[in-house]
Amino acid sequence: MSNPGNNLFDLSRGVLDVASQKVTRIEEITRRMKMLAMNALIEAARAGDDGRGFAVVANEVSEISTQVNGITKELRSEIVARVDHLTTTGSAMVREMHGKRLADLSLNMIEIIDRNLYERSCDVRWWATDSAVVDCAVSPTEEVRRHASRRLGVILESYTVYLDLWIADAGGKVIANGRPDRYRHAVGASVADEPWFRQAMATRDGGEFTVGDVARNGKLDDRVVATYATAIRQGGEANGAPVGVLGIFFDWEPQAAAVVQGVRLEDSERERTRCLLLDARHRVIASSDGRGILTESLALKKGAGTMGHYTDAQGRLTGYALTPGYETYKGLGWYGAIVQKP
(Lines give C-alpha, C1' and ligand atoms only; values in the text may rest on other atoms or scores of the structure.)
Protein backbone atom coordinates (compact mmCIF):
# COMPACT_ATOMS: atom_id res chain seq x y z
CA MET A 1 0.00 0.00 0.00
CA SER A 2 1.44 3.40 -0.99
CA ASN A 3 2.01 6.05 1.65
CA PRO A 4 0.16 9.33 0.83
CA GLY A 5 2.69 11.26 2.92
CA ASN A 6 5.60 9.95 0.88
CA ASN A 7 3.70 10.70 -2.32
CA LEU A 8 3.20 14.29 -1.18
CA PHE A 9 6.87 14.72 -0.33
CA ASP A 10 7.95 13.13 -3.63
CA LEU A 11 5.68 15.54 -5.49
CA SER A 12 7.11 18.51 -3.59
CA ARG A 13 10.66 17.45 -4.34
CA GLY A 14 9.70 16.89 -7.99
CA VAL A 15 8.26 20.41 -8.25
CA LEU A 16 11.43 21.85 -6.70
CA ASP A 17 13.68 19.84 -9.05
CA VAL A 18 11.78 20.87 -12.19
CA ALA A 19 11.63 24.52 -11.15
CA SER A 20 15.34 24.54 -10.29
CA GLN A 21 16.23 23.04 -13.66
CA LYS A 22 14.17 25.62 -15.54
CA VAL A 23 15.56 28.51 -13.50
CA THR A 24 19.11 27.26 -14.13
CA ARG A 25 18.44 27.23 -17.88
CA ILE A 26 17.06 30.77 -17.73
CA GLU A 27 20.20 31.87 -15.85
CA GLU A 28 22.39 30.26 -18.50
CA ILE A 29 20.49 32.05 -21.27
CA THR A 30 20.75 35.42 -19.51
CA ARG A 31 24.49 34.91 -19.02
CA ARG A 32 24.84 34.25 -22.76
CA MET A 33 22.76 37.34 -23.51
CA LYS A 34 25.00 39.41 -21.29
CA MET A 35 28.12 38.06 -22.98
CA LEU A 36 26.63 38.89 -26.37
CA ALA A 37 25.76 42.38 -25.15
CA MET A 38 29.34 42.92 -23.90
CA ASN A 39 30.77 41.73 -27.22
CA ALA A 40 28.35 44.01 -29.07
CA LEU A 41 29.48 46.99 -26.97
CA ILE A 42 33.11 46.23 -27.78
CA GLU A 43 32.37 46.05 -31.50
CA ALA A 44 30.28 49.23 -31.28
CA ALA A 45 33.18 51.06 -29.64
CA ARG A 46 35.48 49.93 -32.42
CA ALA A 47 33.02 51.21 -35.01
CA GLY A 48 33.05 54.71 -33.50
CA ASP A 49 30.18 56.98 -34.44
CA ASP A 50 28.71 54.36 -36.75
CA GLY A 51 28.30 51.98 -33.82
CA ARG A 52 26.57 54.32 -31.35
CA GLY A 53 23.06 53.13 -32.19
CA PHE A 54 24.16 49.55 -31.85
CA ALA A 55 25.73 50.40 -28.50
CA VAL A 56 22.35 51.67 -27.21
CA VAL A 57 20.72 48.36 -28.14
CA ALA A 58 23.58 46.40 -26.56
CA ASN A 59 23.25 48.37 -23.32
CA GLU A 60 19.50 47.74 -23.26
CA VAL A 61 20.01 43.99 -23.82
CA SER A 62 22.58 43.96 -21.00
CA GLU A 63 20.16 45.78 -18.68
CA ILE A 64 17.34 43.37 -19.55
CA SER A 65 19.55 40.33 -18.91
CA THR A 66 20.53 41.79 -15.51
CA GLN A 67 16.86 42.26 -14.60
CA VAL A 68 15.98 38.74 -15.78
CA ASN A 69 18.88 37.35 -13.70
CA GLY A 70 17.58 39.18 -10.63
CA ILE A 71 14.06 37.83 -11.19
CA THR A 72 15.34 34.25 -11.57
CA LYS A 73 17.26 34.53 -8.30
CA GLU A 74 14.12 35.77 -6.54
CA LEU A 75 12.10 33.00 -8.19
CA ARG A 76 14.56 30.33 -7.05
CA SER A 77 14.52 31.67 -3.50
CA GLU A 78 10.71 31.85 -3.36
CA ILE A 79 10.26 28.38 -4.86
CA VAL A 80 12.65 26.83 -2.33
CA ALA A 81 10.96 28.66 0.56
CA ARG A 82 7.47 27.66 -0.54
CA VAL A 83 8.36 24.06 -1.20
CA ASP A 84 10.02 23.91 2.23
CA HIS A 85 6.84 25.34 3.74
CA LEU A 86 4.73 22.84 1.79
CA THR A 87 6.94 19.98 2.97
CA THR A 88 6.83 21.13 6.59
CA THR A 89 3.07 21.67 6.52
CA GLY A 90 2.50 18.40 4.68
CA SER A 91 4.69 16.54 7.17
CA ALA A 92 2.70 17.95 10.09
CA MET A 93 -0.60 17.03 8.39
CA VAL A 94 0.55 13.51 7.60
CA ARG A 95 1.83 13.04 11.17
CA GLU A 96 -1.49 14.28 12.55
CA MET A 97 -3.39 11.88 10.29
CA HIS A 98 -1.07 9.03 11.22
CA GLY A 99 -1.38 9.81 14.92
CA LYS A 100 -5.18 9.76 14.68
CA ARG A 101 -4.97 6.44 12.85
CA LEU A 102 -2.88 4.92 15.67
CA ALA A 103 -5.37 6.28 18.23
CA ASP A 104 -8.26 4.74 16.25
CA LEU A 105 -6.46 1.39 16.08
CA SER A 106 -5.82 1.62 19.84
CA LEU A 107 -9.52 2.22 20.43
CA ASN A 108 -10.36 -0.78 18.24
CA MET A 109 -7.99 -2.97 20.32
CA ILE A 110 -9.47 -1.98 23.65
CA GLU A 111 -13.03 -2.33 22.31
CA ILE A 112 -12.32 -5.90 21.15
CA ILE A 113 -10.96 -6.89 24.56
CA ASP A 114 -13.84 -5.10 26.32
CA ARG A 115 -16.39 -7.10 24.33
CA ASN A 116 -14.54 -10.27 25.23
CA LEU A 117 -14.44 -9.39 28.92
CA TYR A 118 -18.10 -8.36 28.91
CA GLU A 119 -18.87 -11.99 28.05
CA ARG A 120 -16.71 -13.10 30.99
CA SER A 121 -18.75 -10.91 33.34
CA CYS A 122 -21.93 -12.53 32.00
CA ASP A 123 -20.48 -16.02 32.41
CA VAL A 124 -19.57 -15.66 36.07
CA ARG A 125 -22.95 -14.21 37.03
CA TRP A 126 -24.78 -16.94 35.15
CA TRP A 127 -22.76 -19.91 36.41
CA ALA A 128 -22.99 -18.71 40.02
CA THR A 129 -26.72 -19.50 39.87
CA ASP A 130 -26.16 -23.10 38.67
CA SER A 131 -27.78 -25.46 41.20
CA ALA A 132 -24.65 -27.64 41.45
CA VAL A 133 -22.56 -24.57 42.33
CA VAL A 134 -25.10 -23.26 44.86
CA ASP A 135 -25.52 -26.68 46.51
CA CYS A 136 -21.75 -27.05 46.80
CA ALA A 137 -21.39 -23.71 48.58
CA VAL A 138 -24.33 -24.44 50.92
CA SER A 139 -23.62 -28.10 51.74
CA PRO A 140 -20.10 -29.10 50.63
CA THR A 141 -20.28 -32.86 51.22
CA GLU A 142 -17.83 -35.00 49.29
CA GLU A 143 -20.52 -36.20 46.88
CA VAL A 144 -21.88 -32.68 46.29
CA ARG A 145 -18.37 -31.33 45.71
CA ARG A 146 -17.60 -34.08 43.17
CA HIS A 147 -20.84 -33.32 41.34
CA ALA A 148 -20.03 -29.60 41.27
CA SER A 149 -16.53 -30.36 40.01
CA ARG A 150 -17.95 -32.47 37.18
CA ARG A 151 -20.42 -29.71 36.34
CA LEU A 152 -17.60 -27.14 36.19
CA GLY A 153 -15.61 -29.55 34.02
CA VAL A 154 -18.48 -29.75 31.53
CA ILE A 155 -18.53 -25.96 31.32
CA LEU A 156 -14.77 -25.86 30.72
CA GLU A 157 -15.06 -28.29 27.83
CA SER A 158 -17.22 -25.78 26.00
CA TYR A 159 -15.57 -22.57 27.20
CA THR A 160 -11.95 -23.10 26.23
CA VAL A 161 -10.87 -19.55 27.13
CA TYR A 162 -10.76 -20.50 30.84
CA LEU A 163 -8.01 -22.27 32.73
CA ASP A 164 -10.20 -23.24 35.67
CA LEU A 165 -13.33 -22.42 37.70
CA TRP A 166 -13.25 -22.41 41.50
CA ILE A 167 -15.94 -22.56 44.16
CA ALA A 168 -14.90 -21.04 47.48
CA ASP A 169 -16.94 -21.22 50.65
CA ALA A 170 -17.87 -18.14 52.66
CA GLY A 171 -14.60 -18.38 54.59
CA GLY A 172 -12.48 -18.27 51.45
CA LYS A 173 -11.51 -21.93 51.21
CA VAL A 174 -11.62 -23.47 47.71
CA ILE A 175 -13.90 -26.49 47.94
CA ALA A 176 -14.23 -27.51 44.25
CA ASN A 177 -12.67 -26.78 40.88
CA GLY A 178 -13.33 -27.79 37.30
CA ARG A 179 -9.94 -29.36 36.55
CA PRO A 180 -8.86 -31.21 39.69
CA ASP A 181 -6.55 -33.53 37.74
CA ARG A 182 -4.63 -30.65 36.16
CA TYR A 183 -4.69 -28.20 39.07
CA ARG A 184 -4.36 -30.45 42.09
CA HIS A 185 -3.44 -27.70 44.56
CA ALA A 186 -6.52 -25.55 44.02
CA VAL A 187 -8.90 -27.39 46.35
CA GLY A 188 -8.04 -26.62 49.96
CA ALA A 189 -6.24 -23.38 49.08
CA SER A 190 -7.36 -20.22 50.84
CA VAL A 191 -8.36 -17.16 48.78
CA ALA A 192 -9.70 -15.28 51.79
CA ASP A 193 -7.10 -12.53 51.37
CA GLU A 194 -7.55 -12.18 47.61
CA PRO A 195 -9.18 -8.85 46.66
CA TRP A 196 -11.44 -10.53 44.13
CA PHE A 197 -12.83 -12.87 46.82
CA ARG A 198 -13.46 -10.12 49.39
CA GLN A 199 -15.04 -7.84 46.80
CA ALA A 200 -17.25 -10.64 45.49
CA MET A 201 -18.53 -11.40 48.98
CA ALA A 202 -19.35 -7.69 49.33
CA THR A 203 -21.45 -7.48 46.15
CA ARG A 204 -24.98 -6.27 46.79
CA ASP A 205 -26.83 -8.65 44.50
CA GLY A 206 -26.45 -11.22 41.74
CA GLY A 207 -26.11 -8.53 39.09
CA GLU A 208 -22.74 -7.39 40.43
CA PHE A 209 -19.32 -8.93 39.87
CA THR A 210 -15.69 -8.13 40.56
CA VAL A 211 -12.49 -8.32 38.52
CA GLY A 212 -9.00 -8.95 39.83
CA ASP A 213 -5.87 -7.41 38.31
CA VAL A 214 -4.32 -9.37 35.48
CA ALA A 215 -1.74 -11.41 37.39
CA ARG A 216 0.04 -14.75 37.65
CA ASN A 217 -1.70 -17.43 39.68
CA GLY A 218 0.63 -19.85 41.43
CA LYS A 219 -2.10 -22.49 41.81
CA LEU A 220 -2.63 -22.46 38.02
CA ASP A 221 0.95 -23.25 37.00
CA ASP A 222 1.86 -19.57 37.36
CA ARG A 223 -0.18 -18.70 34.28
CA VAL A 224 -1.32 -15.11 33.69
CA VAL A 225 -5.05 -14.82 34.30
CA ALA A 226 -7.84 -12.28 34.48
CA THR A 227 -10.03 -13.30 37.40
CA TYR A 228 -13.77 -12.66 37.45
CA ALA A 229 -15.82 -13.43 40.54
CA THR A 230 -19.23 -12.98 42.07
CA ALA A 231 -21.03 -14.18 45.17
CA ILE A 232 -22.86 -17.50 45.13
CA ARG A 233 -26.21 -16.70 46.74
CA GLN A 234 -28.69 -18.69 48.75
CA GLY A 235 -31.13 -20.47 46.46
CA GLY A 236 -29.38 -19.01 43.40
CA GLU A 237 -31.56 -15.93 43.87
CA ALA A 238 -30.30 -12.49 42.84
CA ASN A 239 -31.05 -11.11 46.32
CA GLY A 240 -30.09 -14.22 48.29
CA ALA A 241 -27.51 -14.07 51.06
CA PRO A 242 -23.88 -14.76 49.95
CA VAL A 243 -22.88 -18.34 50.75
CA GLY A 244 -19.62 -18.48 48.82
CA VAL A 245 -17.83 -17.16 45.73
CA LEU A 246 -17.39 -18.43 42.20
CA GLY A 247 -14.05 -17.41 40.68
CA ILE A 248 -13.38 -17.95 36.97
CA PHE A 249 -9.87 -17.65 35.49
CA PHE A 250 -9.65 -16.30 31.98
CA ASP A 251 -6.59 -17.60 30.11
CA TRP A 252 -5.29 -14.09 29.50
CA GLU A 253 -2.07 -14.37 27.50
CA PRO A 254 -3.20 -16.20 24.34
CA GLN A 255 -6.48 -14.28 24.15
CA ALA A 256 -4.83 -10.88 24.63
CA ALA A 257 -2.00 -11.78 22.25
CA ALA A 258 -4.52 -12.48 19.50
CA VAL A 259 -5.88 -8.95 19.94
CA VAL A 260 -2.58 -7.02 19.99
CA GLN A 261 -1.02 -9.10 17.22
CA GLY A 262 -4.11 -8.79 15.06
CA VAL A 263 -3.95 -5.00 14.64
CA ARG A 264 -4.14 -4.11 10.96
CA LEU A 265 -0.76 -2.53 10.30
CA GLU A 266 1.06 -2.16 7.01
CA ASP A 267 3.94 -4.60 6.51
CA SER A 268 6.44 -1.73 6.63
CA GLU A 269 5.19 -0.76 10.11
CA ARG A 270 5.22 -4.06 11.95
CA GLU A 271 8.90 -4.32 12.89
CA ARG A 272 8.95 -0.80 14.37
CA THR A 273 5.58 -0.89 16.10
CA ARG A 274 4.41 -2.17 19.52
CA CYS A 275 0.72 -2.70 20.16
CA LEU A 276 -0.08 -2.70 23.87
CA LEU A 277 -2.88 -3.16 26.37
CA LEU A 278 -2.36 -1.25 29.62
CA ASP A 279 -4.19 -1.56 32.90
CA ALA A 280 -5.42 1.43 34.92
CA ARG A 281 -1.90 1.91 36.32
CA HIS A 282 -0.49 1.92 32.77
CA ARG A 283 1.18 -1.43 33.41
CA VAL A 284 1.70 -3.51 30.26
CA ILE A 285 -0.69 -6.46 30.36
CA ALA A 286 -0.31 -7.45 26.69
CA SER A 287 2.22 -6.57 23.99
CA SER A 288 2.52 -7.56 20.36
CA ASP A 289 6.23 -8.35 20.80
CA GLY A 290 5.63 -10.39 23.97
CA ARG A 291 7.92 -8.16 26.06
CA GLY A 292 7.25 -6.34 29.32
CA ILE A 293 4.08 -8.16 30.32
CA LEU A 294 3.34 -7.35 33.99
CA THR A 295 6.88 -5.89 34.38
CA GLU A 296 6.81 -2.73 32.28
CA SER A 297 4.80 0.48 32.56
CA LEU A 298 4.19 3.06 29.86
CA ALA A 299 4.16 6.70 30.95
CA LEU A 300 1.31 7.87 28.75
CA LYS A 301 1.23 11.61 28.07
CA LYS A 302 -2.52 11.87 28.12
CA GLY A 303 -4.35 14.95 26.95
CA ALA A 304 -7.74 16.10 28.14
CA GLY A 305 -9.68 13.58 26.06
CA THR A 306 -10.08 9.83 26.26
CA MET A 307 -7.92 9.26 23.18
CA GLY A 308 -5.09 11.06 21.42
CA HIS A 309 -1.54 10.88 20.15
CA TYR A 310 1.84 12.52 20.71
CA THR A 311 5.49 12.34 19.68
CA ASP A 312 8.16 11.85 22.35
CA ALA A 313 11.74 13.12 22.49
CA GLN A 314 12.99 10.06 20.58
CA GLY A 315 10.60 10.76 17.72
CA ARG A 316 8.33 7.82 18.58
CA LEU A 317 4.67 8.36 17.75
CA THR A 318 2.19 7.03 20.33
CA GLY A 319 -1.55 6.70 19.85
CA TYR A 320 -3.78 5.73 22.77
CA ALA A 321 -7.44 5.27 23.73
CA LEU A 322 -9.20 4.72 27.05
CA THR A 323 -11.66 1.86 27.34
CA PRO A 324 -15.22 3.00 26.54
CA GLY A 325 -16.71 -0.13 28.10
CA TYR A 326 -19.29 -2.32 26.40
CA GLU A 327 -22.98 -2.77 27.20
CA THR A 328 -23.23 -3.10 31.01
CA TYR A 329 -19.47 -3.63 31.29
CA LYS A 330 -18.06 -0.23 32.26
CA GLY A 331 -14.43 -1.13 31.65
CA LEU A 332 -11.57 -1.12 34.13
CA GLY A 333 -9.77 2.09 33.16
CA TRP A 334 -7.58 0.17 30.72
CA TYR A 335 -5.94 1.67 27.64
CA GLY A 336 -5.04 0.49 24.19
CA ALA A 337 -1.76 2.03 23.01
CA ILE A 338 0.40 1.80 19.91
CA VAL A 339 4.02 3.00 19.97
CA GLN A 340 5.75 3.41 16.64
CA LYS A 341 9.38 4.25 15.97
CA PRO A 342 10.06 6.80 13.21
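The values are calculated or read from the model by the stated rules, or taken from the named source; none is laboratory data. It should be emphasised that the depicted structure is a prediction, and the values quoted were computed from it without experimental measurement. Here Cβ is always computed from backbone atoms with ideal geometry, including for glycine, and neighbour counts include all displayed protein chains. Accessible surface is based on the protein model in full, side chains and every heavy atom, while ligands, DNA and RNA are left aside. Shrake-Rupley method; radii C 1.70, N 1.55, O 1.52, S 1.80 Å.
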Number of Lys pairs in the chain closer than 18 Å at Cα, excluding neighbours under 8 places apart unless interchain, is 7
For GLU119, what accessible area in Å² do you get when you roll a 1.4 Å probe over the heavy atoms of the protein chains, rounding to the nearest 10?
-> 100
Using a probe of 1.4 angstrom, how much of the accessible area of the stretch 189-342 is carbon and sulfur, in percent?
-> 46
Directionally averaged projected area (convex hull, Cα atoms, the stretch 243-289), nm² = 4.6
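In Å², what does the accessible area per residue of the chain work out to with a 1.4 Å probe?
54
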GNM result for the chain, Cα springs below 10 Å: residue of ASP289, ASP181, ASP135 fluctuating most strongly | ASP181
How would SER288, SER131 rank on accessible area, largest to smallest, probe 1.4 Å?
-> SER131, SER288
Most to least packed among 202-210, 102-110, 234-242 [average Cβ atoms within 10 Å] | 102-110, 202-210, 234-242
Just from the alpha-carbon atoms, what are the Rg and Dmax of the chain in angstroms?
-> 36.5, 134
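Report the trypsin sites (Lys or Arg not before Pro) located in the stretch 275-324 that are in a DSSP loop and have at most 14 other Cβ atoms inside 10 Å of their Cβ, or state none.
Here the trypsin sites (Lys or Arg not before Pro) that fit, given the DSSP loop and packing criteria, are ARG281, ARG291, LYS301, LYS302.
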Hey, how much of the P(r) for the stretch 35-169 falls beyond 26 Å, as a percent of Cα pairs?
-> 67
How long is the stretch 175-292 along each principal axis, judged by its Cα atoms, biggest number first, in Å?
-> 58, 31, 22
Please report, in Å, the Rg and the Dmax of the stretch 270-324, where both are computed over Cα atoms only.
-> 11.3, 30
Placing one equal point scatterer on each C-alpha of the stretch 170-228 and summing with Debye, one gets log10 I(q)/I(0) at q = 0.17, 0.20, 0.25 Å⁻¹ equal to -0.62, -0.84, -1.18
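Excluding ALA280 itself, calculate the net charge of residues whose Cβ lies under 14 Å from the Cβ of ALA280, where each Lys or Arg counts +1 and each Asp or Glu counts -1. All intermediate terms of the calculation are to be shown ahead of the outcome.
On the way: positive: ARG281, ARG283, LYS302, LYS330; negative: ASP114, ASP213, ASP279.
Summing Lys/Arg as +1 and Asp/Glu as -1 gives +1.
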